Amino acid sequence: MSRERLSDSSLIIGVAASTAERVQLARLLGEADALLLVSNAEQARTFLELTGATPAAGTMSAPVTQTVERPAEITALPVPEPVAELSLDVDRRVVRWKDRELPLTRLEHDFLRCLVKEPGRVWTYQHLHHTVWGNEHLGHGSHIHSVVKRLRQKLANLGATVTIHAVRGVGFHLLPTT
């Protein structure tokens with residue numbers, strides 16, 4: 001893991017080979033100002049090269065090489081109970097929480113479908129934009145935030161105990177409300 005100075009905030013780059021490990025890192029480091037989770041060191045290097053970012057002197061940490069003992073269930077993380085109760089009706093384009101449901105726009109549906117597919121996974125702005133809008137143009141991102149705002153309100157109106165959490169500078173994930 002490494003840290004890089006970005007103006008007044010820090011970017012934490014977490015490297016984990018499996019999705020389950022990246023989910024675990026997202027849960028542990030989700031309160032960071034900016035968090036980038038990648039599957040190998042080469043992806044981290046590529047990100048730093050593409051952004052032209054260079055770590056401030058003395059801020060790069062040596063790679064963590066120790067093996068951390070993990071219980072077997074972490075390799076196949078269970079879906080958190082509240083998230084498991086949320087479902088999408090793909091044909092009717094509605095979100096269902098327990099016995100209540102609300103209609104979704106196409107953008108809301110496609111956006112939420114990504115998040116529900118792998119709860120806890122941090123979906124990058126770029127991946128969400130490509131999947132939901134079908135192109136690479138990110139612009140200023142207000143359209144993404146508009147969809148998130150509407151979805152958060154709809155989830156709250158359903159009484160759902162899950163919401164869309166932002167990972168600043170990276171993207172969004174679906175987690176139980178705290």
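Laid out as a table, the results:
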{"read-out": "Residues with amide H under 5 Å from that of GLY14, placed H, sequence gap 5 or more", "value": "LEU36, LEU37, VAL38"}
{"read-out": "Sum of side-chain charges, LYS154 neighbourhood, beta-carbon under 13 Å (Lys, Arg +1; Asp, Glu -1)", "value": "+4"}
{"read-out": "With all protein chains modelled, accessible area of ASP89 [1.4 Å, Å²]", "value": "30"}
{"read-out": "Built amide H within the under 5 Å cut-off of ARG121, gap 5+", "value": "LEU174"}
{"read-out": "For the range 154-169, Karplus couplings with θ = phi - 60° (6.51, -1.76, 1.60), whole Hz, Gly/Pro x", "value": "5, 4, 5, 5, 6, x, 5, 9, 10, 8, 8, 9, 8, 10, 3, x"}
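The values are calculated or read from the model by the stated rules, or taken from the named source; none is laboratory data. Just so it is clear, the model here is predicted, and its values are computed rather than measured. For neighbour counting, all protein chains shown are included, and Cβ atoms are generated from backbone atoms with ideal geometry for every residue, glycine included. Areas reflect the complete protein model, heavy atoms only, side chains present, ligands, DNA and RNA absent. Shrake-Rupley method; radii C 1.70, N 1.55, O 1.52, S 1.80 Å.
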